[in-house]
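Novice: One structure, as structure tokens, below. Some questions next.
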Amino acid sequence: MNNKVSLIERAEKQLEQFSHLPEYSQKRGVLDKVVNHLAEMPAQTPEKFDGCLSQAIYLIEKMAEVLKPPSANPEPEDHSSWIWKYSDPVTLLKNRDSDSHHIDTNDLEKIVRYYLTMPWLHCGAIDKLFLSAAIHQEVISYGEGLQSEVFDHSPLFSGALAASKSRKSKVIAWIIVSGKFLFWLLLSVSIGFGAAEFHGWWAGPLAGLGFWVLLKTNWRLSKGEVFDKFFQRGELLDEMTNLLRMLQKPTISPTHLRDRLNATENKGVVWPAYIFPIIERAISRNQFVWD
């Protein structure tokens, strides 16, 4: 215990560069947890502790660079105090604001792989930040793909109307809807006139109305298939989002998280391969609670 206390006190010199941060800031909290984690390592010497802490500080600073979206504009005094901020993906998607929260997934993978080369540093504080950022990106990408499909495939472009935010985009969407409706209506009328010309006046209304009924029947059947598909994918998006929300809780089970991730993979989600070694190593430390 005395050795741990002396090592924690020893860390204060290296942590002086962060003394300007608020006491309860995210970065300060992660650093404090890392210092405690390193101080509790068996057979830890002051020299080894200093080296490990230097590497840990380097990693955390790189995390803060990689995990901040390029368009993030926090208050100046707050900019250096956080590493990754949670933003509800459903709200971002509804507000069409998800673009502002993309990070470079290649850089994220590189820094995670670097982290995996330092098993002595692995702890819940860092694990959950990496997992949250990676899963957040996948949820946003999946949601954006779903929004795009709604726009492209929903009948009468109802998705385009729902997704439109500006007056200009709404006008364009209404033009598309009205134009499509008018086209099929004129085609039905033309078929009716053609039938009347060749078969008599009575054939016109029957042919035109019959074509319109067949068109509406086909539209409703395709609409049902499309809506069923989007409903299922929407439920899957909810499952993915709940995984992300679960990671924000102070106490979670890495085993439970792995099982939930595997369940969504069985439904078609493809998670980044590099997140699973983090989870497996957390389970090897404690399968019930993330430490």
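Novice: Applying 1/(1 + (r/R0)^6) with R0 = 41 Å to the Cβ-Cβ distance of E265 and K48, what FRET efficiency is obtained, to the nearest 0.05? Don't jump to the answer; show the numbers that get you there.
Specialist: Values: r = 39 Å, r/R0 = 0.96.
Once the sixth-power term is evaluated, E becomes 0.55.
Novice: Y24 to S80: FRET efficiency via 1/(1 + (r/R0)^6), r the Cβ-Cβ distance, R0 25 Å, to the nearest 0.05?
Specialist: It comes out at approximately 0.95.
Novice: Right, something else. At 0.36 nm per residue, and after removing the present C-alpha to C-alpha distance, how many nm does the segment from E61 to F288 gain when stretched out fully?
Specialist: On the way: separation 227, 0.36 × 227 = 81.72 nm, distance 2.95 nm.
Length difference between fully extended and current span is 78.8 nm.
Novice: Can you compute the charge dipole magnitude of the stretch 98-140 about its Cα centre, using +1 on each Lys and Arg Cβ and -1 on each Asp and Glu Cβ, nothing else charged? Give it in debye, rounded to the nearest 20.
Specialist: Numbers: 3 positive and 6 negative charges, 42 e Å.
For this selection, approximately 200 debye.
Novice: Can you tell me what percent of all Cα-Cα pairs in the stretch 1-148 are more than 26 Å apart? Please report the intermediate quantities before stating the final value.
Specialist: Values: 3514 of 10878 pairs.
Pairs farther apart than 26 Å: 32 percent.
Novice: In square angstrom, what is the accessible area per residue of the stretch 27-143 with a 1.4 angstrom probe?
Specialist: Details: 5120 Å² over 117 residues.
On a per-residue basis, the stretch 27-143 sits at 44 Å².
Novice: For N106 and N3, what does the FRET efficiency come to when R0 = 35 Å and r is the distance between their Cβ atoms, rounded to the nearest 0.05? Spell out each step's value before the answer.
Specialist: Working: r = 41 Å, r/R0 = 1.17.
With R0 = 35 Å, the Cβ-Cβ based efficiency is 0.30.
Novice: Expressed as a whole percentage, what fraction of the accessible surface of the stretch 106-148 belongs to carbon and sulfur atoms when a 1.4 Å probe is rolled over the protein heavy atoms?
Specialist: The value for the stretch 106-148 is 52 percent carbon and sulfur by accessible area.
Novice: Which of K33/K128; K68/K267; K48/K85; K62/K128 have a Cα-Cα distance over 23 Å? Walk me through the intermediate numbers first.
Specialist: Values: K33/K128 13 Å; K68/K267 30 Å; K48/K85 32 Å; K62/K128 16 Å.
Table pairs above 23 Å Cα-Cα are K68/K267; K48/K85.
Novice: Please report the net charge: other residues with Cβ closer than 13 Å to the Cβ of E138, K and R +1, D and E -1. Walk me through the intermediate numbers first.
Specialist: Values: positive: none; negative: E109, E144, E239, E265.
Within the 13 Å Cβ shell, the charges total -4.
Novice: Provide the solvent-accessible area of R113, counting protein heavy atoms only and rolling a 1.4 Å probe, rounded to the nearest 10 Å².
Specialist: We get 120 Å² for R113.
Novice: Counting only protein heavy atoms and using a 1.4 Å probe, what share of the accessible area of the stretch 1-65 belongs to carbon plus sulfur, as a whole percent? Could you put the intermediate results ahead of the total?
Specialist: On the way: 2000 of 3850 Å².
Percent of accessible area from carbon and sulfur atoms in the stretch 1-65: 52.
Novice: Could you give the dipole magnitude of the stretch 246-291 about its Cα centre, charging the beta-carbon of Lys and Arg +1 and that of Asp and Glu -1, in debye to the nearest 20? Each step should come with its number before you reach the end.
Specialist: Working: 6 positive and 4 negative charges, 14 e Å.
Once rounded to the nearest 20, the dipole reads 60 debye.
The values are calculated or read from the model by the stated rules, or taken from the named source; none is laboratory data. All of these numbers come straight from a predicted model, not from anything done at the bench. With ideal geometry, Cβ positions are generated from the backbone for all residues, glycine too; neighbour counts draw on all protein chains shown. What goes into the accessible areas is simple: the full protein's heavy atoms, side chains included, and nothing from ligands, DNA or RNA. Shrake-Rupley method; radii C 1.70, N 1.55, O 1.52, S 1.80 Å.
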